[in-house]
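The values are calculated or read from the model by the stated rules, or taken from the named source; none is laboratory data. Here the structure is a predicted model, which is why all the values come from computation and not from measurement. Here Cβ is always computed from backbone atoms with ideal geometry, including for glycine, and neighbour counts include all displayed protein chains.
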Amino acid sequence: MHKDIATPKRTKEILDKYGFSFKKSLGQNFLIDTNILRNIVEYGEITEKTAAIEIGPGIGALTEQIAKRAGKVFAFEIDQRLLPILEETLSPYQNVKVIHKDILKADVLSLIGDEIKEFEEVRVVANLPYYVTTPIIMKLLQDGLPLSSITVMLQKEVAERMAAKPSTKEYGSLSIAVQYYTKAETVMIVPKTVFVPQPNVDSAVIRLKVRDTPAVAVKDEAFFFEVVRASFGQRRKTILNNLTSNLHAGKEKKQVVEEALAKASIDPKRRGETLSIEEFGVLSDELLPSFV
Ligand code: SAM
């Protein structure tokens, strides 16, 4: 048995050996608590039937714990300086493939599409770089990957916004974008003390279970998201005011907007933050013919 990577002592030894210096610009905060890592993998529902995708393996702390449970791990790392380190730290695991790519630019499906076919399910587990959490999650959801779930560490505040329910201050267009594709749940709050270096913000682990079909069936997805964004334009304004101010040519079409709200049984004086995802779906379908 070799020592886990994620202990303060072993992490320091590895970093010292390679003279590694953290790059803040790449969101490099490494986990040094094996129990937390095991819990993330547990929440990630990883089994030998799983092809796991990890974003940002760092020195391999989480990768190692995933590799112990998964059929195979595909770990995307942007920082070339970490490649020789990962080669050493992950050498005991034959089921890990490190891919030196920026996840935001990578064509994930063409890179690993053939290899993931032999597994029953594909799941993402990661401790994300905090400067790009939302773009990474939206890319994974919209890239056409056959994902069952995404279980990731991110800023607590962002996790709360993603999992928020209507009529809360955290609820907004990000909640709807994420919940359109997934069922979102914050499963763990994580203290700053389990990272080196410690981040400035509190952290949480969110689990997004990908829906078989989106939460609402809409006629035009792009227009649905346009209506959602317009509705949250200024949070203190009514839904009517936000739609007329923020939808293209909304001002000239005030009457059309009023009629659509009436047909969707939505009081024009309500605020966007009180509408459920289903109500946004009905509303955008009612508005669509007048705005295409
Ligand atoms: N998984 C390790 C852990 O838990 O200790 C490291 C997590 S650290 C928060 C984020 C990692 O993501 C770093 O290794 C960083 O170099 C990498 N990273 C940052 N931006 C990336 C990107 N666009 N694509 C792939 N990896 C990225």
Selection from region 263-292 of residues in contact (Cβ under 8 Å) with a residue 60 or more places away in the chain and part of a loop (DSSP other than H, G, I, E, B) yields LEU275, SER276, VAL292
Somewhere in region 91-110, is a residue more than 11 Å from the ligand (Cβ to nearest atom), under 20 Å from LEU31 (Cα atoms) and small (Gly, Ala, Ser)?
yes
Yes or no: region 98-106 includes at least one residue that is out of contact with any Ser or Thr (no Cβ under 7 Å at 6 or more places or on another chain), closer than 18 Å to PRO146 by Cβ and of a type in the set (Lys, Arg).
no
Scanning region 74-90 residue by residue, those surrounded by fewer than 23 Cβ atoms within 10 Å (Cβ to Cβ), within 11 Å of the ligand (Cβ to nearest atom) and acidic (Asp, Glu) turn out to be ASP79
Residues that are hydroxyl-bearing (Ser, Thr, Tyr) and either surrounded by fewer than 24 Cβ atoms within 10 Å (Cβ to Cβ) or at pLDDT below 95 (or both), drawn from region 46-73
THR47
How many residues are within 21 Å of MET188 (Cα to Cα) and within 15 Å of the ligand (Cβ to nearest atom) when one looks only at region 139-169?
9
Identify all residues within region 19-68 that are near the ligand (Cβ under 10 Å from one of its atoms) and either closer than 22 Å to LEU109 by Cα or among the small types (Gly, Ala, Ser) (or both); write none if there are none.
SER25, GLY27, GLU54, ILE55, GLY56, PRO57, GLY58, GLY60, ALA61, THR63, ILE66
Can you list residue pairs whose Cβ atoms sit under 8 Å apart, with the first residue in region 39-63 being on the phi > 0 side of the Ramachandran plot and the second being within 15 Å of the ligand (Cβ to nearest atom) and among the charged types (D, E, K, R)? Count only pairs 6 or more apart in sequence or on different chains.
GLY56/GLU77; GLY58/GLU77
Yes or no: ILE99 surrounded by 18 or more Cβ atoms within 10 Å (Cβ to Cβ), at pLDDT 95 or above and more than 11 Å from the chain's Cα centre (by Cα)?
no
